Amino acid sequence: MTFSGRFVALVALGVVPIVLLGNTVPAAFGLLIVWLLLVTVLGGIDLALAASPRALTVERMLPERVRLGESVTSGLYLSNSGRRRLVGVVRDAWQPSAGASTNRTPIEIPPGERRLVSLVLTPFRRGERRALQVTVRSRGPLGLWSRQVTLNAPGRIRVLPPFHARKHLPSRITRLKELDGRTSVMVRGPGTEFDSLREYVRGDDVRSIDWRATARRNDVMVRTWRPERDRRVVIVLDTGRTSAARVSDEPRLDSAFEAALLLAALASVAGDRVDFLAFDRRVRGRVQGASGAALLSQMIDSMALIDSELIEMDWAAVPGQVRSVTSQHALIVLLTSIDAAGASTGLLSVLPQLTKRHTVVVASVLDPVTVLAAGERGGRDEVYRAAAAERALLDVARVSAAIRQLGADVVTDSPAQLPPALADRYIALKAAGRL
């Protein structure tokens, strides 16, 4: 049972006799008692005439998934199985991060009928957003007292990473296709997978001449070769404490998600096999054996539930995790942070084990604010800030140089530019026949 503002206003009117009959306090007090009894009786009658909200049955309808930043409509069907018309308010108790436009909706349901309550959700956090209960308040005809009950209506929606970097995919696919006929392994030698026949041009290796095709066409034809397809690409995502840092108003982890998704989509189009592993001290997410559209779908579903853990990354366990995925030569992409030399000690210690058998690329987000601050020298405060920024950039350069000395490649860029930069490095490795 709840009281409305109208009931409180009626009770407050009982103060008027005390103000008007201030000299005769007993009479004013008696009038106040009579007024309170009258208002209470009216409230009880109003409560008795209100429809019971327990007669409602609730059915929830909503999609399973939505991308972060997009809107989705949650439907709540309320069926009145009672004998009275229910007039009141329903509150759908979603988590605040679900981004509900409003969670209180007025309703009016005749007996034996059903009404739909729609709620627009615009989530602003990844993961599973949940609603466990629905609160219904049924008011009487006088609007003084109301009946209220909380009904169980569990529902959840999975908020997926937005994948803004997919806008770079068409141009990278085009560049990948343009490698045909131009890459250094499209000749007899490093590549062993036959691609196509073309006419001989000056400078071609005579060992690649196809004499049968030459006899049929009455022109000299040569074979072209492409790098072997079905190569292995293993993406290892660091979910330790350094991935929780915010860069350009988003966690470093989300930027790594964008880079991993773009690389996985590109490698899948190129015919390579992609495996995904999110790890710190234990496996937070794993995708293996998927290809095509299923690969991205499983990766996005896995990423939706991954959050940064405020613990140190266990780099010593990474080689073992990679061996559990593949024992063949593969492209290993490590999405992590290389901000400081001290924090990168674990990474540097395991790189020789990885580069001994695999091609390794280390990708890290570079804070664009740091780059801008390094070039601002207007005042004293800016000079000190620029000195700190230069020191941070120097640390990144030192760690990058150490990584290259150990045989791995490094890709660093801003959150918006890291995904296409990593995709470009993959295309360059593909063109050089290093996969």
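The values are calculated or read from the model by the stated rules, or taken from the named source; none is laboratory data. The model shown is predicted, which means the values in this text are computed figures rather than measured ones. Every residue, glycine among them, receives a Cβ derived from its backbone with ideal geometry; neighbour counts consider all protein chains shown. SASA here: full protein model, heavy atoms, side chains in, ligands and nucleic acids out. Shrake-Rupley method; radii C 1.70, N 1.55, O 1.52, S 1.80 Å.
Some observations on this one:
- Taking N as its residue count, the alpha carbon Rg of the range 209-304 over 2.2 N^0.38 Å: 1.63
- In this calculation the C-beta distance from VAL34 to ARG85 is compared with R0 = 41 Å, giving a FRET efficiency of 0.80.
- Accessible surface of the range 381-435, 1.4 Å probe, proportion on carbon and sulfur as whole %: 52 percent
- Where the alpha-carbon atoms of the chain are placed on the principal axes, they occupy 119, 66, 40 Å, in descending order.
- Positive dipole terminus of the range 1-108, leading residue within VAL16, LEU31, VAL41 (C-beta point charges): VAL41
- The range 347-409 and the range 240-273: distance between their alpha carbon centers, rounded to Å: 18 Å
- At full extension, ARG156 and SER97 could sit 20.0 nm farther apart than now, given 0.36 nm per residue minus the alpha carbon distance.
- Per-pair calculated FRET efficiency, R0 = 30 Å: THR355 and VAL269 via Cβ, rounded to 0.05: 0.70
- Excluding exposed DSSP-loop trypsin sites (Lys or Arg not before Pro) (at most 12 other C-beta within 10 Å), longest clean stretch of the chain: 84-181
- Fully extended contour minus Cα-Cα distance, from ALA244 to ILE209, at 0.36 nm per residue: 7.0 nm
- Summing Cβ point charges (Lys, Arg +1; Asp, Glu -1) relative to the Cα centre of the chain gives a dipole of roughly 1060 debye.
- A simple spin-label model places the labels of ARG130 and THR73 2.7 nm from each other, with each point 7 Å out along Cα-to-Cβ.
- Evaluated with a Cβ-only charge set (Lys, Arg +1; Asp, Glu -1), the range 254-344 carries a dipole of roughly 380 debye about its Cα centre, given to the nearest 20.
- Helical mean residue ellipticity (222 nm; -39500 (n - 2.57) per DSSP H run of 4+; nearest 500) of the chain: -11000 deg cm²/dmol
- Pairwise label distance in nanometres, LEU372 with MET1, each label 7 Å out on the Cα-Cβ vector: 6.0 nm
- Taking a ≥ b ≥ c as the square roots of the eigenvalues of the Cα gyration tensor, the range 372-435 is classed as oblate, since a/c reaches at least 1.5 and a/b does not exceed b/c.
- Spherically averaged projected area of the range 1-156 from its Cα convex hull (nm²): 10.9 nm²
- Residue (of TRP315, THR359, PRO110) at the positive-pole extreme of the chain, dipole from beta-carbon charges: PRO110
- Coarse-grained scattering of the range 292-429 at q = 0.16, 0.22 Å⁻¹, given as base-10 log I(q)/I(0) from a Debye sum over alpha-carbon atoms: -0.98, -1.47
- Dipole of the chain computed with +1 at Lys/Arg Cβ and -1 at Asp/Glu Cβ about the Cα centre; of VAL287, THR2, SER101, farthest Cα towards the positive end is THR2.
- DSSP bridge orientation in the chain - percent antiparallel, rounded to nearest 5: 65 percent
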